[in-house]
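The structure under discussion appears below in the form of C-alpha cells.
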Amino acid sequence: MAIASTVSEGATTAGTGTTLNKNNFAIKFEEFLKLLTIQLQNQDPTAPMDSEKFTQQLTQFSAVEQAIRTNSRLDTLIDISRANQIVSAASYVGQQVELRTDRIYLPAVGDAAIAYSLPRSAADVRLKVLGEDGEVLAETSLPTDAGFHEARWDGLNEAGVRLPSGDYRVEIEARDERGQPIAVGLRSLGVVDAVEFDDNGLLLSIGGVLRPIESVAAIRRAAG
C-alpha cells in the first residue's frame, strides 16, 4: 500500500504565493498519520514500506508547517508596524498641513484655505473653483507677487450664494504682462482631525475627507 501525497491545495510553502491554511494543513496531516498507521499495520513483511518516500512526506509537512509559522509571525510584525505608524501619525492631529492636491475642503462654517507659489511676479493671478463637470463655480483674483502666498475662498459662488460644505477642485492661473502662462505651485491647506489606516495605507482625515499621508508637503501648528 502506498501513501498518496496529502500536501496539496490550501497547504503550500510561502514561496508559491498560495495562502497557507492552518486548518487544512492540520486535517491533511491527520489524514497522513492515519494512512501511515494503516500501512504499517498491513504492510507485507517481505516488502516493507519505502523509508525514503516516508521521509519525503515528513519533510513536506515540516516545510509547510514552518511556512505557516513564518506567515503568522509576518502577520504579527505587519500589525505591529501598522500600529506604530498610526501612533507616529497621531502627531498630525490638530496640525495644519499643506497637501499636494488640487482639491480643497470647504467646511460647513468658515473658509477653505489654499497656498500657492509663483516663481516670478505675474500680471494676473486668478483662483477658479470648479464643479464636478468642470464648470466654474467661483472665481477671484489673488496676489501677484513672486513667492509663497496663502489665500482663502469664502465658499460663495458667482451669484454670492454659499455652496455646500465638501471637496472642491481648484485651479490657479497666472499670466505675465504678455499674457503668457506662469507655472504655479498649488497646495491645499487643512487641519487634520483624525488618522486612519486601510488597504490603501495611512490616511489623514480633514473635515471627514481622507487624504493619503504621502501627499503632505509641510506641517505647521494650526492657528488658535
Quick check on the exposure proxy: order Ile172, Ile206 from fewest to most C-beta atoms within 10 angstrom. Ile172, Ile206
Identify the residues of segment 99-117 with backbone N under 17 Å of a label point that sits 7 angstrom from the Cα of Thr140 along the Cα-to-Cβ direction, or state none. 103-117
Once fully extended, how much extra length lies between Glu171 and Arg120, figured as 0.36 nm per residue of separation less the alpha-carbon to alpha-carbon distance? 16.5 nm
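FYI, it's all coordinate maths here, none of it is from the lab. Predicted model, so just to flag it, every value in this text is computed and none were measured. When we count neighbours, we look across all protein chains shown, and the Cβ atoms used for this are built from the backbone with ideal geometry, even at glycine.
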